[in-house]
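The values are calculated or read from the model by the stated rules, or taken from the named source; none is laboratory data. Predicted, not measured: the structure shown is a model, and the values here were computed from it. Please note: Cβ atoms are built from the backbone with ideal geometry, for glycine as well, and neighbour counts cover all protein chains shown. Surface areas here come from the heavy atoms of the whole protein model, side chains and all, with no ligands, DNA or RNA. Shrake-Rupley method; radii C 1.70, N 1.55, O 1.52, S 1.80 Å.
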Amino acid sequence: MTALFQWAADLISSLPKGWVVLLAALLKSIVIVLFVILNVMFMVWLERKVSARIQRRIGPNRVGRFGMWQLIADTVKLLGKEDIIPSMVDRWLFVLAPLVVFATSFLIWVVMPLGPNWETPANLNVGVLYLAAVTSFTILGVFMSGWGSNNKYSVVSSMRAAAVMMSYEIPQVLAVMAVAMVAGSLSLTDIVGAQSKVWYILLQPLAFIIFFISSFAELNRTPFDLAEAESELIAGYNVEYSGLRFAFFFLAEYANLLAMSALMATLFLGGWRPLFPLPGPIWFWGPVWFVAKTYFFVLLNMWVKWTLPRIRIDQLMEFCWKFLLPLSLLNIALTGLVVLARV
Amino acid sequence: MPAAAATPVMADLRLVLPEVILALVATALLAGGFVGVGKNRARLLAGMALGGLVVAFLALWPGYRELTGAEGNNMMGLFSQMLVADRFGLFFRATFIAVAAMVVMYSTRYVEQHNLPAAEFYSLVLFAAVGMMLMAGSIELITIYIGLELTSISSYILAGLMRNDPKSNEAAIKYFLTGSIASAVFLFGISLLYGLTGTTNLVAMWMVDPSATAVTGPAWNVLMAVASVFILGGLGFKVAAVPFHMWAPDTYEGAPTPVTGFFSVGPKGAAFAALLRIFPLGIVLLSTRWIGIMTVVAVITMTLGNLSALLQTNVKRMLAYSSIAQAGYILVGFAAAAGGGAGGVMFYVVAYAFINLGVFAVILHLSTHGQGETVESFNGLAQRSPAIAAAMVVFLLGLIGVPFTSGFFAKFYIFGAAVNAGLAWLAVVMAVNSAVSVGYYYVIVRNMYLVQPPEGSGKLAVTPGLAVTITVATLMTLALGLASQPVIGWISSSAGM
Amino acid sequence: MEKYVDVVVFLVVGALVPVIGLIMAALIRPSNPTSLKRATYECGEVPFGEGMVRFNIRYYVFALVFVVFDVETVFLYPWAVQLRKLGMFALVEMFIFLLILIFGLVYAWRKRVLEWS
């Protein structure tokens, strides 16, 4: 065994530095992708169970205990579905859209600190700005699919999605900016580090509320799911997709929910920092706390989604521009004053 | 200095007070578009704009004191050299405030009659004026670019303010599309200059030793010529120099008439100011490649402008080509920079501003009485409004360059510079062109004096705003033609900086 | 720049997952497209016209306002991080900047740009 490790260490040290960096990145990305996919599968099951309980149903309970294997069965089913590409579509946009949405849903994790000694894959010093950049890829993918499908429902849906996601991006980015002002850094690792005494949900309650509300719009989830309002737009921008291509949109939605929840946990609940000390090493409990906090937000999101009705597009836009945006600017101003007063 | 105790920022602010005041008033004017109601809103907003311009003009005083006082400076850098206070800048800034004030005065009736959005109209004129002042008051290419953009973007919107008029829309779209490309080209020229010299500050650029830069020898010359062409292209678009003039006739024709008048002198003058800063006063030490380019452009511009103007029947279109021709004359001043052409350019810009605003005020006078924009609408004007017809004659004589008008001295100084610089042939071309221009200016004079007015038309009443504008323009045209000495004195002390 | 290797690798691996999935699916799924199957979905009706139509101008106006505020945030970020070092002067300066932008928002608001009908 030791010899094996020795051999591996020798092999790595004999490689050029570029290869080591590349290999490390590859390893990290595979771990994260597996982590996200497993969580997403769990979340799909969770959502079905939670929504069922909220509606006084039981939810999936046929495949495996508590219907645990339902999603595996669904995946196998989708794998065997015929791949229908309608004749009217813009082929390039149509084929690329699920790829764009799915591939970019992992990018947030590049800067996410998972635990105290668990290096983030890359502690970019522009972390928060990077987040603002990569989260807008989703808009691109959604718009590609909606427009490329050349279907009236999907075009309406993608227009709505683009307008809503774009609009809510501004208050959201401004809310994160207030957090960055308090922490004095854009790096997420530093932001978690700065929350050793008090979590930012207490220092930045306004920012948290703005971010939380905006996250529903960014994720296209009820009450802000105008883009996929089933009763008027059937399924929205992905109405023409079937089989595995549809599955990737579906998975990406949950991957984004997970990422957004993890982001909220990092920015406002101290990331991996424990709520109360537990016996055992922090490098073990840190990620556990992180995942627990993430799931807190996931559940909160599902609770809201299955409780509130959908609102109209004009109400949604006016709420953003006439309430959230001024509020977030006010928050920036207040934060600036407080930060300087405390210097 | 009285404000020696103040912080540096405050002291610098004192010298850019006119710009600050104008920007604030322009913002307040925008708010005037939705705050409060009243029947006389348009007139009230015009008054506010005019008041702001008057205050801004008075606010030039501290700068004037600094530059002319006992310990008068030649050039003061403000805000880490992003702006400068010097005699050259002060000259143009005062001119631009006067131009904006005249535009506000002569537009009031037109704005009311055509139901233009008054708040936006006056506010955009003021914003454009701020941009123009920034362009003239800076030796930093980035600030010049920002001023250019502020002016241009305001201009694009001004051109399209008549939203229900397809021609106005066409004017705005053409101006916007070509203008944005020109701005990009200008910016690219700046980036080339920066790459060659390592600075965007013109004064620092003069200090650059061409033999000590990363690029030297033939490569330096080629790249410098390319950079010159790009900058000349970007700004040449704004002054409508051939081959960047294609937008001008359509935009001039389609834009609301007061806006056309503003375009022909405001943004144009600012572009000339920036060109002066950049070429004869700026990179002349680094390269002389641009002089040949400028000569060719000047010749083509004035010839093409004059020949095309001869064929026009729409007055606004004719004046567009006439203004292209005038730009050609001014460009001769650049080509003759070695002979002191810069001073001639400065004089020409201010003289031309008053003349051309006067011409447009006369057109607006006709348009308040529902007259079209054709040459025929001038028929018998001498009988219907004798004073205004007489003023129009003065303006047209000024445009031709007849003695006792400012236009004569403007051409005279540029002629002289061309001869001094050894470009006598260029002066001859310019003289021939001036002679050609008589052809189309004469048509208007003939229609005013020798053609009978249409049946049943009486005297035309003149609005106070137009009366003031035309009077001021006439007086300035004559004053600069008869007693140009103070202005020339100021110019010669500033252009040789 | 080394850190950005991760970004690229994440993107590539993330894109590989669906590609591999689709290749796997291609091996087992049936494929017999018919023209009816490949018709655009319109609730079972025969589809008419194009889906890519000219759209309500409102959306584009929002896009324009968005660009203004998005660029604003880019300006704000460096200031936000360095605020402690820059001190009161930067705060006042940025407040002026924010006031101008807020005025723009108020203008758009009052001009009914932010309304749907």
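Worth a mention:
- Residues satisfying the stated conditions in segment C:68-99, i.e. open to solvent by 80 Å² or more (accessible area, probe 1.4 Å) and farther than 24 Å from A:A341 by Cβ: C:V74
- The set of residues from segment A:317-343 being at pLDDT below 85 and more than 8 Å from chain C (Cβ to nearest Cβ) comprises A:A341, A:R342.
- Residue in segment A:272-295 that is away from chain C (no Cβ under 14 Å), touching a residue at least 24 places away in the same chain (Cβ under 8 Å) and outside any helix (DSSP H, G or I) present: yes
- Residue selection: C:L16 satisfies the criterion of being more than 7 Å from chain A (Cβ to nearest Cβ) and either loosely packed, with under 14 Cβ neighbours inside 10 Å or part of a helix (DSSP H, G or I) (or both).
- So A:L340, is it open to solvent by 70 Å² or more (accessible area, probe 1.4 Å), more than 29 Å from A:E232 (Cβ to Cβ) and assigned to a helix (DSSP H, G or I): no
- Scanning segment C:76-93 for residues that are under 30 Å from the mean Cα position of the chain (by Cα) and either on the phi > 0 side of the Ramachandran plot or more than 7 Å from chain A (Cβ to nearest Cβ) (or both) turns up C:P78, C:W79, C:Q82, C:E93.
- Test for A:K77: is it of a type in the set (D, E, K, R), in a loop (DSSP other than H, G, I, E, B) and either more than 9 Å from chain C (Cβ to nearest Cβ) or under 29 Å from A:T222 (Cα atoms) (or both): no
- Only listed residue being in contact (Cβ under 8 Å) with a residue 60 or more places away in the chain, over 22 Å from B:L276 (Cβ atoms) and among the small types (G, A, S), chosen from B:A483, B:A467, B:A473: B:A473
- Near pairs, Cβ below 9 angstrom, 6+ apart or cross-chain, from segment A:174-192 (among the polar types (S, T, N, Q)) to any residue that is assigned to a helix (DSSP H, G or I) and surrounded by fewer than 21 Cβ atoms within 10 Å (Cβ to Cβ): A:S185/A:G193; A:S187/A:G193
- Matching option when the condition is out of contact with any Ser or Thr (no Cβ under 9 Å at 6 or more places or on another chain), touching a residue at least 12 places away in the same chain (Cβ under 8 Å) and more than 30 Å from C:A39 (Cα to Cα), among A:S13, A:S51: A:S51
- Pick from segment C:54-67, criterion closer than 29 Å to A:M88 by Cβ and within 7 Å of another protein chain (Cβ to nearest Cβ), ranking: least open to solvent (accessible area, probe 1.4 Å): C:F62
- Among the criteria (1) of a type outside the set (G, A, S); (2) within 27 Å of B:P280 (Cβ to Cβ); (3) surrounded by fewer than 14 Cβ atoms within 10 Å (Cβ to Cβ), the one B:T405 does not fulfil is (3).
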